[in-house]
1. Of the listed peptides 143-151, 230-238, 349-357, what is their order by residue-averaged count of other C-beta atoms within 10 Å, with the highest listed first?
2. Could you please state how large a percent of the accessible area of the stretch 8-155 is carbon and sulfur, counting protein chains only and using a 1.4 Å probe?
3. What percentage of the solvent-accessible surface of the stretch 287-386, computed with a 1.4 Å probe over protein heavy atoms, is contributed by carbon and sulfur atoms?
4. Any idea what angle helix 160-181 forms with the longest principal axis of the chain, computed on alpha-carbon atoms, 0 to 90 degrees, nearest 10?
5. What is the set of long-range amide H partners of GLU406 at a cut-off below 5 Å, with H atoms built 1.01 Å from backbone N?
6. List every residue whose amide H lies under 5 Å from the amide H of GLY255, counting only residues 5 or more places away in sequence or on a different chain, with H placed 1.01 Å from N in the peptide plane.
7. Considering only protein heavy atoms, what per residue accessible area in square angstrom results for the stretch 8-155 with a 1.4 angstrom probe?
8. Inverting the mean 1/r over all pairs of different Cα atoms, compute the Kirkwood radius of the stretch 8-155 and quote it in Å.
Amino acid sequence: MAHLSKLNHTTDTLISIKADAVSVGIFEDGSLTARGKTINTLLNGQISLAHKRGDIKGKHSETTIFYSENCPVIVIGLGKADEFETECIRKVGGTLVKKAIIKKYAHVACENFGGMSSAPFGRALAEGLVLGSYQFNDYLTKKKDELFELDKVTVSGGSRVGIDKGSIVASGVCFARNLGNHPGNVTTPTRLAHEAKKIGRRGKMKVSVFDREKFTEIGMGALAGVAAGTDEPPKFILMEYWGTKKSVKPKVLVGKGLTFDSGGISIKPAAKMDEMKFDMCGSAVVLGCMQVIATLKPKINVVAAISSTENLSGAKAYKPGDILTAYNGKTIEVLNTDAEGRLILADALSYVSKHYDPAFIFDFATLTGAVLVALGHIATGIMGTNEKLIEKVKKSSAKTGEKVWEFPLWKEYCEQVESKIADVKNIGAPMQAGTIAGGAFLKEFVGEDIPWVHFDIAGTAWGEKEKSYGPKAGATGNVIRLVLDVMGV
Ligand code: BES
Ligand code: MN
Ligand code: ZN
């Protein structure tokens, strides 16, 4: 496991735990928690002395190590006491485990920091601890001896329920990071289907996988068109989780599982093309959520759909100018084979709209380079047709610290994807509002009156600057926590 898998909770005092290091927090004003005070006494008041001298300021992500006779003490800054909220404790968790890994402390005991005993604080702390401990070292065979993994963290105090839940949620995020980080020759559509089946068995879900022949036969002409250029078997993956009465409308999650995007005939430049292994991160969001649902078994209904293929330029590849017919019967003029994500999603959105009666649909896709231009690696671009649902997404975004920013889907933009010879075309106005054009295209394939939000995660799925509980590099698993929060999981 390249992330913390043993996260224990105890009501024992910190010093009674046999660990390689203990950790407590300090606020900017120098105040300590009850457990912090005990440790300060044990250290003959050194922590408060260091604060008085100005060597400790109590700022976020500040760490200082003291040495007692028993074991090292990691003191972590908690920021301002009256501004302490869940995102702060999440950051503290991440900061702590990263320090522990650098120092090679295998087992760390920590307090619940400024977090009182409430479940949201426990959950956030656990998320920070597990997410911050994530490393992707699977292919570093020569450096194996230098690598160090954290074995165990014991939290003294806080909410056991919250800590358990946070640890399960964060494991789902790490699972999604792994799917993204493995290269295109490992995370293939077949592999995604295999993972979906594994999750399904654990979570008592019905999982169906359509191969090329099957999805072509039922009329998924857009997915079939994109998949025509590759020999790697494409898959359409469906997962159904019925956790409550069947009469309750399912929440539907749709993911872009493009396991490698070369651009196809409209080929991409060579620079950074390797990063297009991450083009399946939308499907990783979906599988990450389903992984957590399989463990927690919440009383909700959820349907997941993933369109998965490579986008290559093999002899049978689809071409600019081709016209494809999607599952809902709409015809699509292909003007750029690199705008393939919206094509494979068109079939998935049409399929779930027709066969389920969705409470809502969320789709996740690394859809446009333009969203990276607009929002950088900081926020996910969102668009949708239902204000209430968008408000919900924004609320969960604030709670989880996973930033989103809404783009407008005004009719002037929607007109930009109209084609002269087909129902729609797969690009908008050249060099203009590319992210919105993607959303406007997808809207054509969402059933009438179904609340829907599109998440363009091309900027946030990988490549963000390292932060406390984020990865050093690679896939982030962003928006999984947000989506679970919207679903009340
Ligand atoms: N997967 C890419 C989007 C992407 C590009 C994500 C760079 C992250 C970094 C997507 O399939 C794509 O190629 N989109 C095109 C659309 C265009 C042809 C209308 C793009 O953004 O250039
Ligand atoms: Mn593309
Ligand atoms: Zn793509």
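The values are calculated or read from the model by the stated rules, or taken from the named source; none is laboratory data. Here the structure is a predicted model, which means the values were calculated and not measured. Virtual Cβ from ideal backbone geometry, glycine too; neighbours counted across all protein chains shown. SASA here: full protein model, heavy atoms, side chains in, ligands and nucleic acids out. Shrake-Rupley method; radii C 1.70, N 1.55, O 1.52, S 1.80 Å.
1. 230-238, 349-357, 143-151
2. Carbon with sulfur: 50 percent of the solvent-accessible area.
3. Carbon and sulfur atoms account for 54 percent of the accessible area of the stretch 287-386.
4. 50 degrees
5. Under 5 Å from the amide H of GLU406 lie the amide H atoms of ILE382, each far enough along the sequence or on another chain.
6. Placed amide hydrogens put ALA305, ILE306, SER307, PHE364 under 5 Å from GLY255.
7. I get 48 Å² per residue for this part.
8. 15.5 Å
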